[in-house]
Ligand code: AMP
């Protein structure tokens, strides 16, 4: 293994800025095939820099925001190196261990590796041991010496100490993802003890969203003469990738607007709706339910397995809308420390969702504006991941205006010169007055009792699924697919009439827009030029009203089928 003789700090400018494609990295054809299957056309900046360094054998500490493609930045070289080693190897052994601070993140890394090894699954085998099953039940899969083992530090250590896993003789690579959370999640001691079981020489990668003191300490413990990659990137994707809008509206308007956006088919693609509390999650869910819009709720009250399952199904396009709450405690840094235990748990939850990858999210809607800048970045960072485009729309009431200003100020440095990062979303509220009456009707049904019932009902349902039916689902995984988390909770009265939108409710502006679009399309159909996707995104950026496309009401009906 080659080890750098000197620590090097590289920024975006230091590294040769010429674009390097996946095909030019000397990767195995099977790996290239899997990359192409994932639809990734070019490496993200972190991948472009980290993969060649890792393939050269260097230890790498990479600082990159979540959503930058950093998981694949280490998975690709790990798989490549295993494939290369296996050409001459005679014995099967564990060559790489991937450590992440939570079960959810382990599961995500495991899935990433599975996808990337889809064309060489026999040659490169990977197991995830993070699930809290009894150790002996996982022993058989470790006895087969999979090439890659994914787990939390404590879980990997437990298996080593139980004699189920030996890394001392064969391990070549150690990867720690979301490194900045490892210590704060209480794994410091486990890591120290784990290191005692590793060989003297191994290659290591540390991936982290921030370079905190904890990460520096971890670096000292794990890396040798590492290359430090600090990409000069903003905290959120650039404006060519992420469009950010805001609209001023008070609470009642928020519900009216939400209902209108859904019922007019203006929200296109998968979306996450963020609110500020668990009760608000259910309030919004029960409200939308009455209009026939099904969304699932994701919050820390639900059992871990349910949360994982919701994210997995969302990523598999089983449903399109998630209503999520982030952790209120973290939103207030001045919170008194009397509740230390609880606070740590909340940090944990927040951290967990930080790394979780919701794939192909077209829109993030801040139904409630986040309570601090970090939370804004954390939420909006769910869209425009990898090299995808995305839109963030924030509903802001008068009390939330100050925070909007704070976020704007914080992100101002990243706005293109002379431009505001936030564009107003010019929706003519007066044109959707018709929706206000319906929305009020629906709101009346969402009583406190209905919310409480919905909350309890869902937890009961989820517990039943995770505890009692666990073994059934292990034997019949296909049944788990049938289990949906976005079912109506029915704690409010059904109002069939709300589900349908008569023509008179469609705002004039949208009717005209639809007509314009049709004429536009016929005119352009013969001309060569930029792709449809590029045109659409450009249009969105130019005209907030077209941020979400009006598709007419028929498309809703089609979708339902
Ligand atoms: P991560 O930062 O590892 O959580 O990755 C965020 C998302 O980016 C994941 O959904 C990946 O599937 C996606 N992704 C990773 N690499 C690429 C790429 N080169 N092009 C497009 N999307 C990517």
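Set the Förster radius R0 to 30 Å, insert the Cβ-Cβ distance between residue 437 and residue 457 as r into 1/(1 + (r/R0)^6), and round the FRET efficiency to 0.05.
0.60
Please state the relative contact order of the range 147-298 as a whole percent: Cα pairs under 8 Å, 6+ residues apart?
17 percent
FRET efficiency for residue 406 and residue 216, Cβ-Cβ distance as r, R0 = 30 Å, nearest 0.05?
Working: r = 29 Å, r/R0 = 0.96.
Approximately 0.55, to the nearest 0.05.
For the range 2-230, just run the numbers: alpha carbon Rg, then divide by 2.2 N^0.38 Å, N being how many residues it has.
Numbers: Rg = 16.5 Å, N = 229, 2.2 N^0.38 = 17.3 Å.
Against the empirical 2.2 N^0.38 Å value, I get 0.95 for the range 2-230.
Tell me, in nm to one decimal, what length is gained between residue 168 and residue 448 on full extension, where the rule is 0.36 nm per residue of separation less the Cα-Cα distance?
Working: separation 280, 0.36 × 280 = 100.80 nm, distance 5.78 nm.
Going from the current span to full extension adds 95.0 nm.
Determine, for each peptide in 159-172, 79-92, the mean count of other beta carbons within 10 angstrom over its residues, then list the peptides with the highest first.
159-172, 79-92
Since every read-out is calculated from the coordinates, none of them should be taken as a lab result. Computed from a prediction, not measured in an experiment: that's the story for all the values here. Ideal geometry is used to build each Cβ from the backbone, glycine not excepted, and the neighbour counts take in all protein chains shown.
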